[in-house]
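Contents: one structure, followed by commentary.
The values are calculated or read from the model by the stated rules, or taken from the named source; none is laboratory data. Nothing here was measured: the structure is a model prediction, and the numbers come from that model. Backbone-built Cβ (ideal geometry, glycine too); neighbour counts: all protein chains shown.
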Amino acid sequence: AFKPLVFSGVQPTGNLHLGNYLGAIKRFVEMQAHHDCIYCVVDQHAITVWQNPADLKKQIREVTAAFLAAGIDPKAHVVFNQSQVPEHAELAWVFNCVARMGWLNRMTQFKEKAGKDRENASVGLFAYPTLMAADILVYRATMVPVGEDQKQHLELARDIAQKFNNDFRDSVAAAGFDPDEGFFPLPEPLTQGPAPRVMSLRDGTKKMSKSDPSDYSRINLTDDQDTIAQKVRKARTDSEPLPSEVAGLSGRADADNLVTIYAALAGTTREAVLAEFGGAQFSAFKPALADLAVAVLAPINRHMRELMDDPAHIDAVLADGSERAGAIAAKVMDDVKDIVGF
Ligand code: ADP
Ligand code: NA
């Protein structure tokens, strides 16, 4: 049987925000108590669209700092960046030869990201899912925490693993692996209950996003406490008081978002938040939300700044993680080469 192992990746493509924290990083922190985990800053995915090199270097360190500041333990688990372990790209090439054009043509994220000008999208953007499959399978990882937008890519990783296992069945057996089990596991989504979807503070119908031109639409993990408080104060709301039941939030996207954020930060439910604040005006709720956001984010922010002031330390953490990740990946890649016939 395959050893249970979780692979998680985050792209270093911009300002990390409260949505990234509540929807991804906080969960990454929680799962380390129950699983062996590999946390990867997927810098090779980032360059599927052009990145300013100086910014990319800074953002690789910033994502790493956020992992560490949020509480991921780089000694008990593995924290590294993808480009330092060449086996990711090496296995991705094999997977490019296993995956079919038709499979990749069906990926909705490529269609969204390439937009109308498909002819001008990079080949890397099209092949992104085969690299993601390699990220997971080069460790023979069995679980991946994925949001809605990555579910289709994880299914593709399963299809690639299965086709590899079938295409090379005899060779897998000759290499000493159980051909019925296959060489690669079929990775499963790691479900930790519904992750909160954090919406823009300026428009509760849009996702909080690094690409929103309005800085007031999101709380960045690098914001200091005055900035956090100011952004909460300026968050869009309606003029009604908060309802006492969740049903009363329907049709009130901005109010719902602030209650959702409060619940996620407090580690409770919207029901519990409304039990406390039902009937309150936003003039009373917003200061409470700002205080809570500052209480949760300020220590992370402070720790991130300390880490960012010591880039040599971050680089040492990444180098150590890359070495440990590389040791696993090199063994798997040796077997893959043998199985493929290299
Ligand atoms: P990607 O383009 O790879 O999804 P993002 O930087 O958009 O990268 O997101 C990184 C992680 O943060 C993903 O797991 C994503 O689901 C999560 N995330 C991003 N935005 C939000 C949001 N507004 N609410 C909740 N989770 C979010
Ligand atoms: Na996203």
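Looking at Gln192, Gln225, Gln150 in this structure, which one is over 23 Å from the mean Cα position of the chain (by Cα) and surrounded by fewer than 21 Cβ atoms within 10 Å (Cβ to Cβ)?
Details: Gln192 fails: over 23 Å from the mean Cα position of the chain (by Cα); Gln150 fails: over 23 Å from the mean Cα position of the chain (by Cα).
It is Gln225.
Filter the range 200-229 down to residues that are part of a helix (DSSP H, G or I), in contact with a Lys or Arg (Cβ under 7 Å, 6 or more places away or on another chain) and either under 23 Å from Gly71 (Cα atoms) or within 16 Å of ligand 2 (Cβ to nearest atom) (or both), then give me how many there are.
The initial filter retains those residues of the range 200-229 that are part of a helix (DSSP H, G or I), namely 215-217, 225-229.
Now drop any that are not in contact with a Lys or Arg (Cβ under 7 Å, 6 or more places away or on another chain), which leaves 216-217.
Those left that are additionally either under 23 Å from Gly71 (Cα atoms) or within 16 Å of ligand 2 (Cβ to nearest atom) (or both): 217.
The number of residues fulfilling the criteria is 1.
Conditions tested, residue by residue: (1) within 14 Å of ligand 1 (Cβ to nearest atom); (2) modelled with pLDDT under 95; (3) surrounded by fewer than 21 Cβ atoms within 10 Å (Cβ to Cβ); (4) over 18 Å from the mean Cα position of the chain (by Cα).
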| residue | (1), (2), (3), (4) |
| --- | --- |
| Val198 | yes, no, no, no |
| Tyr216 | no, no, yes, yes |
| Pro241 | no, no, yes, yes |
| Asp254 | no, no, yes, yes |
| Ala263 | yes, no, yes, yes |
| Gly267 | no, yes, yes, yes |
| Arg270 | no, no, yes, yes |
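Can you go through Val246, Val296 and tell me which one is within 30 Å of Ile38 (Cβ to Cβ) and touching a Leu at 6+ places or on another chain (Cβ under 8 Å)?
Values: Val246 fails: within 30 Å of Ile38 (Cβ to Cβ).
None of the other options fit; the residue is Val296.
Conditions (1) within 16 Å of ligand 2 (Cβ to nearest atom); (2) touching a residue at least 24 places away in the same chain (Cβ under 8 Å), marked per residue:
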residue: Val146; (1), (2): yes, yes
residue: Lys151; (1), (2): yes, yes
residue: Leu156; (1), (2): no, yes
residue: Asp159; (1), (2): no, yes
residue: Asn165; (1), (2): no, no
residue: Asp170; (1), (2): no, no
residue: Ala173; (1), (2): no, no
residue: Asp178; (1), (2): no, no
residue: Leu186; (1), (2): no, yes
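His88 versus (1) modelled with pLDDT of 95 or more; (2) within 26 Å of Thr222 (Cβ to Cβ); (3) not hydroxyl-bearing (Ser, Thr, Tyr): which is the lone unmet condition?
Unmet condition: (2).
If you take the residues of the range 218-227 that are among the β-branched types (Val, Ile, Thr) and within 16 Å of ligand 1 (Cβ to nearest atom), which of them is farthest from Gly279 (Cα to Cα)?
Quick first cut of the range 218-227, residues among the β-branched types (Val, Ile, Thr) only: 219, 222, 227.
Narrowing further to those that are within 16 Å of ligand 1 (Cβ to nearest atom): 219, 222.
Details: Ile219: 26, Thr222: 33 Å.
The selected residue is Thr222.
Mind listing whichever residues of the range 25-51 are surrounded by fewer than 20 Cβ atoms within 10 Å (Cβ to Cβ), within 17 Å of Gly147 (Cβ to Cβ) and within 15 Å of ligand 2 (Cβ to nearest atom)?
Passing the criteria: only Arg27.
Quick check on this structure: which one of Val246, Val172 is at pLDDT 95 or above and buried (at least 18 other Cβ atoms within 10 Å of the Cβ)?
That would be Val172, the only listed residue that is at pLDDT 95 or above and buried (at least 18 other Cβ atoms within 10 Å of the Cβ).
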